[in-house]
Amino acid sequence: MSSLAGYATRFGPGLAPWVFVAIWSTGFVVAGGVIGRIDPHLFLSVRFALVAAILFVACFVLGQRQPSRAIIVRLMILGLFLQGLYLGPGYWVVANGMPVGLIALIATLQPPLTAIAASRMYGEKITPWLVVGLLLGMVGVGLAVAPGLVTFDQGQVTPLVLLVACLSITCFTIGTLLQKGAGLNDVPLAVSTAWQNLAAAICTAVFAAMLGEDLFTVSIES
């Protein structure tokens, strides 16, 4: 998601935040739409593989050079945390009873966690405006999902499901911090995103096999 938002900076820095918010807000909505039709990790493995294939073809057509093996390893580690270990568990908890609104609310913890960790690791300042922005974001999500959370059966969310949801957000936070210090600004976005999605495809395919996922229904509903 952060890589896609990066493309928006080519058209103007003011557009990037809006594109990022639009992409971010649809992440777990898709999970609610595919559950019951396609198993979560199986769906994500196909999605990531298709994205990686399209981007590798685009890199070839555009003549973008592939990075060194060491850089590829870094990119794949980022893809593991930012995509595979974030969306994989995130979709799994939705498939196992957690409402989309609740996982979205838990996900609002990621920006504050990242800001606190970045201040310790990279010396970034936590300004009053940043705090206000983070709080407004969390309150906004809370107000948006509150009606749906009032009526859901709390017994559906087991301690294991809640733990996996928290681990999902933790992995995304780790990936964000690793990306910040990875020194990969010179790698073209298409190349970077292709390798990250390949790593995520492998990760989710492994989990799909381990969990015995095999539901894959393709149909068009009116």
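Restricting to the range 56-85, what's the tally of residues that are among the hydroxyl-bearing types (S, T, Y) and either surrounded by 12 or more Cβ atoms within 10 Å (Cβ to Cβ) or under 23 Å from the mean Cα position of the chain (by Cα) (or both)? Within the range 56-85, residues that are among the hydroxyl-bearing types (S, T, Y) and either surrounded by 12 or more Cβ atoms within 10 Å (Cβ to Cβ) or under 23 Å from the mean Cα position of the chain (by Cα) (or both) number 0.
Just one of the numbered conditions (1) at pLDDT 85 or above; (2) open to solvent by 50 Å² or more (accessible area, probe 1.4 Å) is not true of L136; which one? The number of the failed condition is (1). Among the numbered conditions (1) modelled with pLDDT of 90 or more; (2) crowded, with 19+ Cβ neighbours inside 10 Å, the only one that A31 does not meet is (1).
Residues in the range 86-101 that are modelled with pLDDT of 85 or more and aliphatic (A, V, I, L, M) were compared, and the one that is most open to solvent (accessible area, probe 1.4 Å) is A95.
Of all residue pairs spaced 6 or more apart or on separate chains, those with beta-carbon atoms under 8 Å, a first member in the range 157-186 that is β-branched (V, I, T) and a second member that is open to solvent by 70 Å² or more (accessible area, probe 1.4 Å) are I169/L109; I169/L113; T170/L113; T173/L113. Criterion applied to A199, A194, A190, A205 was being among the hydrophobic types (A, V, I, L, M, F, W, C), more than 24 Å from A115 (Cβ to Cβ) and open to solvent by 30 Å² or more (accessible area, probe 1.4 Å), and the one residue passing it is A205. May I ask you to list the residues in the range 181-200 that are part of a helix (DSSP H, G or I) and either within 16 Å of the chain's Cα centre (by Cα) or of a type in the set (S, T, N, Q) (or both)? Matches in the range 181-200: S192, T193, A194, W195, Q196, N197, L198, A199, A200.
The values are calculated or read from the model by the stated rules, or taken from the named source; none is laboratory data. What you see is a predicted model; the values in this text were computed from it and never measured. Positions of Cβ are generated from backbone atoms using ideal geometry, with glycine treated the same way; all protein chains shown enter the neighbour counts. Protein only, heavy atoms only, side chains kept; ligands, DNA and RNA dropped before computing areas. Shrake-Rupley method; radii C 1.70, N 1.55, O 1.52, S 1.80 Å.
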